[in-house]
1. Go over the candidates 116, 125, 58, 103 one by one and state the one that is surrounded by 14 or more Cβ atoms within 10 Å (Cβ to Cβ), in contact with a strand residue (DSSP E or B) (Cβ under 8 Å, 6 or more places away or on another chain) and not hydrophobic (A, V, I, L, M, F, W, C).
2. If we scan segment 311-324, do we find a residue that is open to solvent by 50 Å² or more (accessible area, probe 1.4 Å) and not in a loop (DSSP other than H, G, I, E, B)?
3. Does residue 10 fit the bill of being under 19 Å from the mean Cα position of the chain (by Cα) and more than 19 Å from residue 112 (Cβ to Cβ)?
4. Across segment 275-290, which residue is farthest from residue 79 (Cα to Cα) among those that are open to solvent by 20 Å² or more (accessible area, probe 1.4 Å) and out of contact with any strand residue (DSSP E or B) (no Cβ under 8 Å at 6 or more places or on another chain)?
5. State whether one or more residues within segment 223-243 are among the small types (Gly, Ala, Ser), closer than 23 Å to residue 48 by Cα, in a helix (DSSP H, G or I) and under 24 Å from the mean Cα position of the chain (by Cα).
6. What are the pairs with Cβ atoms under 6 angstrom where one residue, in segment 213-232, is among the charged types (D, E, K, R) and the other, located anywhere, is assigned to a helix (DSSP H, G or I)? Sequence gap at least six, or different chains.
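The values are calculated or read from the model by the stated rules, or taken from the named source; none is laboratory data. Owing to the predicted nature of the structure, the values given are computational and were not obtained by experimental measurement. Virtual Cβ from ideal backbone geometry, glycine too; neighbours counted across all protein chains shown. Note: areas computed on protein heavy atoms with side chains; ligands, DNA, RNA excluded. Shrake-Rupley method; radii C 1.70, N 1.55, O 1.52, S 1.80 Å.
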Amino acid sequence: MPDIPPARAFKDWRSALPFWCSLLLIPVAYIAATKGGWWVALLPLSGWTMVSILDLAGGLEEENPDPATPERDLFWYRLITLIWLPLQFIVVFACLYHATHGGLSGTAEKIGLFFGLGVMSGAVGIVYAHELLHQKNRLERRMGDLLLAMVLYSHFRSEHLLVHHRYVATPRDPVSARYNEGFHRYFKRVLTRCPPSAFAAERQLLARRGLPFWHRRNPFWLYAALQLGFLALAFWIGGWEGLGLFLVQALSAVWQLELTNYIEHYGLTRRHLGEGRYEHVLPRHSWNAAHKVSNWFLINLQRHSDHHYKPDRRFPLLQTYSADEAPQLPHGYPAMAALAMIPPLWRRVMNPKVRAWRRQFYPDITDWTPYNKGTLPPPKGSS
């Protein structure tokens, strides 16, 4: 096992600095908004292409930190997730005002800018929201809710915490992509299945407490209020045009999120033990990537197996696994996301890896058809 870095390294702000690279998108957004034209392509190019190129130069990071590091030593790491909410709020709504009050003239460049802002709020904002929602601190959870509401995807909190983590790699989890399922078909499926799935999970939770689904403790009331608040603000700032551009940003962010969800578990399934029972979640049920720069940019999201093992573990303490324990991607998530947009290329790269994974971990299973088609029984107790 690699040497564990000394605990004092976490207290030094310089050790956390690489994880602050997302802040570089703020001046990029400013340049794109003020210059317009082809400059609006800077945001998606920075979020995808530049990170992928730097991954090639940066190599892999396979050292594991000490998971027992106390939270008080992680201040400089946590701070980036706390300051992002006000920064994203300012950038999105300042750009909205700028675009709808004469700052940009062409419809194409306005849509291009807000598509790029959606890449930023999806690749950074939702990733940070994901980190915050898993914590016990109420303030952090509320900040996560606000980040999700800013992209009109608040139900992700319920779906992720109550469904995905419990039922990942089974037919009950809508965001576990099936073998040979192209992203575009997958995207349509999750957009239609995830909101009712999340609502059903909350209704089931309330029922266990003897409460009706319309009770005030149902977080969908909060989700609706926050999302309507952001929509109203967008309309107040820019009228119907502002509302339309805000929706472009939100859809772009959701698309970015679901690209990541697609990559994280593509083709990986838990063994069905019969009668709706499935094996426990193991490191083998998530795709991982040890690429250094994209892990800085995505605050270690690519150490995904350990996140499923310890969902509330702070991102700097997440552990990496060897190929003997967990499947590894050939590139970081940003490069794999670009590949996923071209299903034939994706299948050419990933389907052989899924088949190799099956031979490695489940050599006794000869018929994968019900796993591929998602026709196995839902897990016992699922709604």
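1. Working: 116 fails: in contact with a strand residue (DSSP E or B) (Cβ under 8 Å, 6 or more places away or on another chain); 125 fails: in contact with a strand residue (DSSP E or B) (Cβ under 8 Å, 6 or more places away or on another chain); 103 fails: in contact with a strand residue (DSSP E or B) (Cβ under 8 Å, 6 or more places away or on another chain).
Result: 58 is the single residue among 116, 125, 58, 103 that is surrounded by 14 or more Cβ atoms within 10 Å (Cβ to Cβ), in contact with a strand residue (DSSP E or B) (Cβ under 8 Å, 6 or more places away or on another chain) and not hydrophobic (A, V, I, L, M, F, W, C).
2. Applying the first criterion (open to solvent by 50 Å² or more (accessible area, probe 1.4 Å)) to segment 311-324 yields 312, 322-324.
If we keep only those that are not in a loop (DSSP other than H, G, I, E, B) too, we end up with none.
Taking every residue of segment 311-324 in turn, none turns out to be open to solvent by 50 Å² or more (accessible area, probe 1.4 Å) and not in a loop (DSSP other than H, G, I, E, B).
3. On the way: under 19 Å from the mean Cα position of the chain (by Cα): no; more than 19 Å from residue 112 (Cβ to Cβ): yes.
No: the conditions fail for residue 10.
4. Quick first cut of segment 275-290, residues open to solvent by 20 Å² or more (accessible area, probe 1.4 Å) only: 275, 277-284.
Applying the additional criterion that residues be out of contact with any strand residue (DSSP E or B) (no Cβ under 8 Å at 6 or more places or on another chain) yields 275, 277, 280-284.
On the way: 275: 46, 277: 41, 280: 34, 281: 31, 282: 30, 283: 28, 284: 31 Å.
Checked segment 275-290; the qualifying residue farthest from residue 79 (Cα to Cα) is 275.
5. Initial filter on segment 223-243 (among the small types (Gly, Ala, Ser)): 224-225, 229, 232, 234, 238-239, 242.
The next check asks that each one be closer than 23 Å to residue 48 by Cα; those that pass are none.
No: zero hits.
6. Partner pairs satisfying both residue conditions: none exist.
Yes/no per residue for (1) within 15 Å of the chain's Cα centre (by Cα); (2) assigned to a helix (DSSP H, G or I):
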site: 108; (1), (2): no, yes
site: 135; (1), (2): no, no
site: 152; (1), (2): yes, no
site: 164; (1), (2): yes, yes
site: 170; (1), (2): no, no
site: 187; (1), (2): yes, yes
site: 201; (1), (2): no, yes
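Every residue, every condition in (1) open to solvent by 40 Å² or more (accessible area, probe 1.4 Å); (2) among the polar types (S, T, N, Q); (3) assigned to a helix (DSSP H, G or I), yes or no:
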position	(1), (2), (3)
24	yes, no, yes
30	yes, no, yes
33	no, no, yes
39	yes, no, yes
47	no, no, yes
67	yes, no, no
75	yes, no, yes
80	no, no, yes
86	yes, no, yes
